[in-house]
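Structure record follows, encoded as C-alpha cells.
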Amino acid sequence: MAFLKSLMASFVLVVTSAFVVAPVATAQGTKVVVIDQGRIMRDSAAGKDIAAKVATIEQQMQAELQPTATELETEGKAIEAKTANMTREAMAADTALIAQVQAFQVKAQQYNQDRGVRAQELGLTERQAWASFFEALQPVLQEVVDEAGADVMLDRSEVVYAAPATDLTATVITKMDAATPRVTVTRVRQPAAQ
C-alpha cells in the first residue's frame, strides 16, 4: 500500500511538473536543459570519493563494535549451553545464572544503543558530505547554464521526455571533476550519553 501511494505521488509530481514547466518551456526563446543528478552523484570523482570515504568510516564503526558483538555471541552461547538441560525452576533457583543473564542483557542493551548511535553518526556524516558536494556543485551548474545559454535546468527525474541533446550531465560531471575532485568527509560524532 505504501509503495502504491509512493508510486502515485511520483506520478502526480511528474505530471504536475510537466504542466508547470510546459508554459515556461514554450515561452518564446526559453531554452531548457536537463541533468541527471543521480548520475552526477554516482559518476563524478567527488561523488565516488564521498562513497569511498563513507564506506571506510562505516567499516571503522563496525570494527569498533565487533569486539563487543563477538563477546556477546560467546557469552550467549555459554548461557545457552549452561541452560540447555535445565528446567525453569532450576534456572530461577540459580542466583549465579540469574546474575550472569542480567549482566548479559545489560551488555546487549548497551551494544544496541551503541549501534544506534553509530548509525546516526553515519547518517549525519553522509548528509554533511553530500551538503558539501551540492555546495560545490552550484557554481558548476551555473557555469553550465551560462555556457548553454539556458533559462531553465531540470533534473531528468522531473521530465517526462527530453531530447538527448538537452542532457548536459556529462558536461557537469567533467566540470565538477575539474573543480572539485574530492570532498572532505569528517566523521560526525554524537555527544556521549550522560
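Every number here is computed from the coordinates shown, using simple stated rules; none is lab data. Small disclaimer: the values here were computed from a predicted structure and weren't measured. As a convention, Cβ positions derive from the backbone with ideal geometry for all residues, glycine included, and neighbour counts pool all protein chains shown.
Do me a favour and compute the ellipsoid semi-axes for region 31-179 from its Cα gyration tensor, root of five times each eigenvalue, largest one first, whole Å.
56, 15, 11
Work out the length of the dipole vector of region 51-127 about its Cα centre, built from +1 on the beta-carbon of each Lys and Arg and -1 on the beta-carbon of each Asp and Glu, and round it to the nearest 20 debye.
Using Cβ point charges on Lys, Arg, Asp and Glu, region 51-127 gives about 120 debye.
For the charge dipole of region 31-179, defined by +1 on Lys and Arg C-beta atoms and -1 on Asp and Glu C-beta atoms about the Cα centroid, which residue among 108, 134, 171 has the Cα displaced farthest towards the positive pole?
With unit charges placed on the Cβ atoms, the residue in question is 108.
Using Cα positions and a limit of under 22 Å, work out the lysines in reach of residue 53, with same-chain residues fewer than 8 apart set aside.
Filter leaves 175.
Arrange the following residues from fewest to most other Cβ atoms within 10 Å of their Cβ: 132, 157, 44.
Least crowded to most crowded, the residues run 157, 132, 44.
Please list, by residue number, every one of the chymotrypsin sites (Phe, Trp or Tyr not before Pro) in region 115-194 that is coil in DSSP and has at most 12 other beta-carbon atoms within 10 Å.
Answer in residue order: 161.
Starting with the fewest neighbours, write out 77, 107 ranked by other beta-carbon atoms found within 10 Å of each beta-carbon.
Fewest to most other Cβ atoms nearby, the residues stand as 77, 107.
Scan around residue 154 for amide H atoms under 5 Å from its own, H built in the peptide plane at 1.01 Å from N, and keep only partners 5 or more places away or cross-chain.
33, 34, 35
Ordered by residue, what ³J(HN,Hα) values in Hz, to whole numbers, does region 115-132 give under the Karplus form 6.51 cos²θ - 1.76 cosθ + 1.60, where θ = phi - 60° and Gly and Pro are x?
4, x, 5, 4, 5, 5, 4, 5, x, 5, 4, 5, 4, 5, 5, 5, 4, 5
Under 17 Å Cα-Cα from residue 107, which lysines qualify once same-chain neighbours fewer than 8 residues away are excluded?
Counting by Cα, and skipping residues close in sequence, residue 107 has these lysines nearby: 77.
Could you please report the charge total around residue 33, scoring K, R as +1 and D, E as -1 over all other residues with beta-carbon less than 12 angstrom from its beta-carbon?
That sum, taken over residues with Cβ under 12 Å, equals -4.
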